[in-house]
Amino acid sequence: SPAGVRPGDVVIVNGDLGRHGMAVMAVREGLEFESEIDSDSAPVADAVMALLDAGIDVHCLRDLTRGGLASTVNEIAQASGTGITLAETDIPVRSDVSAACEILGFDPLYVACEGRFAAFVPEQDANRALEIITANSPAGAAVIGRVTKESPGMVTLTSRIGARRILDMMSGE
C-alpha cells in the first residue's frame, strides 16, 4: 500500500508504457499508423508472485490502468506523503507510441496500460527485483525513479534535456 512507501525506494515498471491506450484509441477512432500499435495487455501474476516468493520487500505495487503512470505515482506520493522523482530517459515508451501520442496531443505518461505495474522496493532490492521481473515478464523492467523526502505529495519529472517539472494529476476526462 502507499503507506509502505519510504524515501530511498526505487520505482520499477514492468515494461514499456502507453500501448494499450493508443491501441484502443486507434481502433475506436479508425486511425492507422505506419506500424501497428498492439495492446500491452498481459498477465502480471507470475512476475508479482516471483517478487514476493523471492522475498523482495515490495512496499507498494499498483497497476497502471487508469490514468497511466503519472496518475498512479501521484496518488502514491499524495497518500504516502513522500516526493517521487522520475527520469524521462528511463521510462520505456516505444517510439511508435510516442509518435502517436504526439500526433494526437497525449502525454504517454497518462495513457492507460494493461499488464503493467509500478513496484516500489528498497534500493538494495532493485537489481534483484529487475532480474526477477525480467525473467517473468516478456516486456522486461526498468527503474524509472526514486522516492524522496523532498516535495511531499508531489511528483517531479527530469526531462530529456535535464529540466525538472511537476508531473501533475491528470485533469479533465
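Nothing in this text is a laboratory measurement; each read-out follows from the coordinates by a stated rule. From a predicted model like this one, the values you see are computed outputs, not experimental measurements. Ideal geometry is used to build each Cβ from the backbone, glycine not excepted, and the neighbour counts take in all protein chains shown.
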query: So who's got an amide H within less than 5 Å of the one on residue 17, skipping anything under 5 residues away but keeping other chains? H placed 1.01 Å off N, in plane.
result: 93, 94
- prompt: Once the dipole of the chain is set up with Lys and Arg at +1 and Asp and Glu at -1 on Cβ about the Cα centre, which of 142, 115, 1 lies farthest towards its positive end?
  reply: 1
query: Using a Gaussian network for the chain with springs between C-alpha atoms less than 10 Å apart, which of these wobbles most: 135, 70, 118?
result: 135
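Using the Cβ atoms and a cut-off under 10 Å, what net charge is assigned to the surroundings of residue 20, where Lys and Arg are +1 and Asp and Glu are -1?
Details: positive: 19, 116; negative: 38, 40, 114.
Net of charged neighbours comes to -1.
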- prompt: In the neighborhood of residue 143, defined by Cβ-to-Cβ distances under 13 Å, what is the net charge if each Lys or Arg adds +1 and each Asp or Glu adds -1?
  reply: -3
- request: Report the net charge of residues surrounding residue 4, where surrounding means a beta-carbon distance below 15 angstrom and charges are Lys +1, Arg +1, Asp -1, Glu -1.
  value: -3
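What value, in deg cm²/dmol to 500, does the helix sum -39500 (n - 2.57) over DSSP H runs of n ≥ 4 give at 222 nm once divided by the residues of the chain?
Details: 5 runs with 54 residues, N = 173.
For the chain, the value works out to -9500 deg cm²/dmol.
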- line: Here, residue 104 and residue 89, labelled 7 Å along Cα→Cβ, have an inter-label distance in nm of 2.9
- prompt: When the Karplus curve 6.51 cos²θ - 1.76 cosθ + 1.60 is applied with θ = phi - 60°, which whole-Hz ³J(HN,Hα) does each residue of the stretch 14-20 get, with x for Gly and Pro?
  reply: 9, x, 5, 10, x, 5, 4
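Test of understanding: what is the full-extension gain from residue 53 to residue 123, defined as 0.36 nm times their sequence separation minus their Cα-Cα distance?
Details: separation 70, 0.36 × 70 = 25.20 nm, distance 1.82 nm.
Extra length available between residue 53 and residue 123 comes to 23.4 nm.
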query: Karplus couplings for the stretch 76-92 from phi (6.51 cos²θ - 1.76 cosθ + 1.60, θ = phi - 60°), rounded to Hz, Gly and Pro as x?
result: 5, 4, 5, 5, 8, x, 10, x, 10, 10, 10, 10, 3, 5, 8, 7, x
Full-extension gain in nm, residue 149 to residue 36, via 0.36 nm per residue minus C-alpha separation: 36.5 nm
- prompt: Once the Cα atoms of helix 126-136 and of the chain are each reduced to a long axis, what angle between those two axes, in degrees from 0 to 90 to the nearest 10, is obtained?
  reply: 50
query: For helix 95-104, what angle does its Cα long axis make with the longest principal axis of the chain, in degrees from 0 to 90 and rounded to 10?
result: 60
